[in-house]
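Novice: Take a look at the following structure, please.
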Amino acid sequence: MGIPEYILHILARRDGPPPPKDAGQELLDLLKDPFSGQLAAASLVSALGSSLGFTAFIAICFSFVRPYNQAIYAPKLKHADEKHAPPPIGKKPWSWITPLTRTTEAAMVQQIGMDATIFLCFVRMCRNMFLVLMIIGVGILLPVNVVHSVKEYNGKGTDWTMQITPRDVYGNPQWVQVVVAWLFNFIIMGFLWWNYKKVLLLRRQYFESEEYQNSLHSRTLMLYDLPKQSCSDEGIARIIDHVVPNSSFARTAVARNVKDLPDLIDEHSHAVRKLEKILAKYLKNPTQLPAARPTCKPSKRDRSFDTYPKGQKLDAIDYYTQRIRDLEIEIKEVRASVDRRGTMPYGFASYTDIAEAHSIGYACRNKKPQGATVTLAPKPSDVIWRNMPLSGATRSRRRWINNFWIAILTLLWVGPNAMIAIFLVNLSNLGKVWPAFQQSLSANTKFWGLVQGIASPALTSLVYLFLPAIFRRLSVQAGDQTKTGRDRHVVAKMYSFFVFNNLVVFSFFSTIWAFVAAVLKQTDHGENAWKAIQTADFAGGAFMAFCSNSPFWVTYLLQRQLGAAIDLAQLWPLLQAFLLKTFSSPTPRELIELTAPPPFDYASYYNYFLFYATVTLCFAGIQPLVLVATAMYFCIDSYLKKYLILYRFVTKTESGGLFWRVLFNRLILATILSNLVVMLTCWVRGEGFTGGIYRPQFYAVTPLPFTMIIFKVYCRRAFDDKIRYYSTHKSANLQEAALQKETRLRNEKLSSRFGHPALYKPLITPMVHSKAQNLLPSVYRGRLTDGREAGAGDLMSVSGYSDMYALDSMQGGRPGKSAKNLPGFEYVSESQMDFEYYKNRAEFTEQHGGGEMYGRPSTPGSVDEFSERSQSRSASPLSRGHTPFTAGIPPRRMANMPDTGYSAVRSGSMGGYESSSRGRSPLYAQDNGSSSGLVRHAAGVPMSPPIYSRDASVDRVQSPAQMSGIASPPTGPGPSVGALGGGPRGYTGLAQGDDVEAPDADPTQYSYFRGGSRPTRQPGEGW
């Protein structure tokens, strides 16, 4: 006989309160439901009011602040050329809204590129899709759940947020879940199919664009995993002929081994930036220098590291000056000797016709001729060159290791995620296990309340801020060969991380904990394990957890609108610029980069949108209000993101819209996950026997996941090849048409355009504020002559000394006035610390959209004699109406390269370009390696085919003819001639073109009709 309940209450009052639990027991009780604090804080009404209120307030403030801060809110209006400039925008507060409604997709492809257009199409698709799903979900599911829900239990009414869920709906009404699930699937498939067709049309438009038609990568194939015997130009041609024997003539170029040259250039850039930072801090106040000169420890990557006294600090200015000098000399020597090094197991083959190149790529897509892989070539700026030499086995092993570490990281984050939810969301929980903290919490309630409101979101945001960088680094280590491919893998990995930790773990942690605890408890009492698992009813616990967590996800999605408004206001860039200028000593380079259009982080935003869509689809049948919150979010953000992409952000590396397949596959997966939730609902609450034998609603939704898989296979076969390839078959008359075209010496452009950037990338020059111009010589203890501005020519020795008197340089435009500038430093005035003055230079544009956005090619060789000249407006205020590659005027860098041969014939400013020369560094006595070796001592960018004999070589002295853009006959030893490193002989002295036919050419040889008339080499013989 049981004891009456009122007697138990009397005994409890008599015996006093129960003894307090120890810290370990408290922690175990908290771990049973670690996210209860977050769920308790969920309030739908307050979340809706605060989100919409703050969003409207920020949007209004932005409307009034924007016209007076165009450098932050519309930098592309100022910097982009006419071809890529966004629509003009007025000064009125509401003027920014009009272009968002009038700009069409066709115009956006031209203005912002394919990747940005696909992004906006995806956001617009999500907006329209969730609006339709919201109408069905709220119009059908919500009324049925409210009508058939049990309103009270044991005299206690249920909350309205639970009445609109299927938690308390049993039996026959659950057929509505089946009907809505089928409707949702067909609606999602309809939107995905429609947008797949739209992406196909956009890709065809992209293929026909002038920029794509004139680009070299569009008609080029990339081959990697080449066997050793095929690591030659002829070997690449043989591999292609193995698959497509009747292909036309290809211009092939195998890659060269640059060894440690990329690392040397990176170290040089790091050293220059360090020197700039040191000088900016030391010369911050030129009228009052610090008493002590700056010091530093030597770099461990310095080859002279062991020669310095251990533990002793060095003069920072002198050390980095010497460090830069040593690196530049070493870079010059490596560049000069790169032709004598071996080949690498990858290369490129270029054709005269885009359709033929793509048809060959399509024919080779599922084949590995001689073990090699043949794909369409990406843009040279998209290639991760350090991973190109990796073998297939190495990449496979690295991918396996990479996936292993990502799985470990995903599992390890479960613990910190639970701890943040337990202790930072509700600090009183921390006081339960830490008595000393409980005393401080009780004494300082307001302070710790403020910390509680900031700590959790700040720490979580900080983790998610660095998460994309971590995944990018892991993807590079895994062997990804392109930057855009790496970003697609980052989207996939981050999506898995978010879904597992923020959806699965968040929803089922308490359920799994209770399930395992119940099973262990029953097995401890001698019960069978399988029977204990059946008794625990994991399916019922998971369903109840879904219903209980659903209000939190509504508030979570409502609060995302505030994040979209903060993105529009660009609060972080404003704060970053303020802190940098106020509490730091920014270098001129940092200030210039602040004014440049920033790159758009596609991986992060795609991951967020996919995660929001997955959460919404999974909870759509449980809590229909999530559809309202998500539809509202995409309605607002579709316009805000459109403004930011049109006027502020640029695409760092263009992929041509290849993100679409990743997005499509994740939405298919999200739909399948939502089908599994519907199946769970029908299993737990559908009509049927207790034993689970008869559940008609469950079996009615079982085909849904298989329907989505079939739909995915159909779309892949119907669209993917047409999206990927310009042409999938070779026309019978294609070869004849190619033969009738004007002969194109593609090998010249191939060796330059697709050569490793380390072979032609200019070395950066230290930038110093002009206010320290007169003071710099007194603090700089290195050589003060024979730098980039030195005009001594042959009067000076290589060490900076001479037995002849050298005159000072004169100021430009002021004859007779000494410049008194320390040569080799670039002086930047306050008025010129703007990206507008430097957007023609690769060192600035490579991180901000590339040169195409600003009216110049991003890499050498992209504009040639076969491409139409750009008709866009001038890309620089100093170019006076000429683009950097206007006929008859050499590029800005080539025009400014000083002549190292005869100082008497030095020319000043040419063609309206800056008169300050950027050809050499003052930090060492030799000429700059960035413009020597394969770069500077080759001919200028060819405006017409070279006029000299192919048997001649290059002169290491740049003549006045070269300064004016005319290639002079080479007269001395040196690398091959061509545009910034390439030439008729590629990277070696072997001919690749057919410009001159050797008298002993044999038409019966294999290479006679393919690579010109160079002599035949046996496979594997090398260079």
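Novice: Based on the mean of other beta carbon atoms within 10 Å per residue, what is the order of 617-629, 488-500, 564-576, 151-163, most packed first?
Specialist: 617-629, 488-500, 564-576, 151-163
Novice: Another one. Could you please state how large a percent of the accessible area of region 497-537 is carbon and sulfur, counting protein chains only and using a 1.4 Å probe?
Specialist: For region 497-537, the apolar C and S fraction of the accessible surface comes to 66 percent.
Novice: Over region 556-636, consider all pairs of different Cα atoms and compute the Kirkwood hydrodynamic radius from their mean reciprocal separation; express it in Å, one decimal.
Specialist: The answer is 15.2 Å.
Novice: Two decimals is fine: what is log10 I(q)/I(0) at q = 0.14 Å⁻¹ for region 215-365, from a Debye sum with one equal scatterer on every Cα and no solvent?
Specialist: Rounded to two decimals, the profile gives -0.78.
Novice: Let me ask something else about it. Give, to the nearest whole percent, the P(r) tail of region 498-621 beyond 22 angstrom, counting all Cα pairs.
Specialist: I get 60 percent for the Cα pairs in region 498-621 exceeding 22 Å.
Novice: Counting Lys and Arg as +1 and Asp and Glu as -1, what is the net charge of the other residues whose Cβ lies under 10 Å from the Cβ of residue 395?
Specialist: So the environment of residue 395 carries a net charge of +1.
Novice: Then there's this: When the solvent-accessible surface of protein heavy atoms is calculated with a 1.4 angstrom probe, in what order do 442, 381 fall, highest first?
Specialist: Correct descending sequence by accessible area is 442, 381.
Novice: Could you pull out the pairs from 91/839; 83/652; 493/641; 277/771 whose alpha carbons sit more than 22 Å apart here?
Specialist: Beyond 22 Å: 91/839; 493/641.
Novice: Of 135, 112, which has the most accessible area and how do the rest follow, probe 1.4 Å?
Specialist: Highest to lowest solvent-accessible surface, that is 135, 112.
Novice: Straight-line reach from residue 446: which lysines have Cα under 29 Å away, leaving out those fewer than 8 places along the same chain?
Specialist: Cross-link targets: 21, 32, 432.
Novice: Rg over Rh of region 186-298, using C-alpha atoms and the Kirkwood radius, what does it come to?
Specialist: Dividing the radius of gyration by the Kirkwood radius yields 1.28.
Novice: Separation of region 366-420 and region 576-631 by C-alpha centroid, Å?
Specialist: About 25 Å separates the Cα centre of region 366-420 from the one of region 576-631.
Novice: Could I ask something else about it? Show the residues, 5+ positions off or on another chain, whose built amide H is closer than 5 Å to the amide H of residue 252.
Specialist: For residue 252, whose amide H was placed from the backbone, the distant partners under 5 Å are 350.
Novice: If you count, for each residue, the other Cβ atoms within 10 Å and average over each peptide, how do 402-413, 583-594, 225-236, 201-212 line up from highest to lowest?
Specialist: 225-236, 583-594, 201-212, 402-413
Novice: Also, I was wondering about something else. Which peptide among 665-676, 282-293, 343-354 comes first, and what is the full order, when sorted by highest mean count of other Cβ atoms within 10 Å?
Specialist: 343-354, 665-676, 282-293
The values are calculated or read from the model by the stated rules, or taken from the named source; none is laboratory data. Predicted model only: the values in this text are computed from it and were never measured. Virtual Cβ from ideal backbone geometry, glycine too; neighbours counted across all protein chains shown. SASA here: full protein model, heavy atoms, side chains in, ligands and nucleic acids out. Shrake-Rupley method; radii C 1.70, N 1.55, O 1.52, S 1.80 Å.
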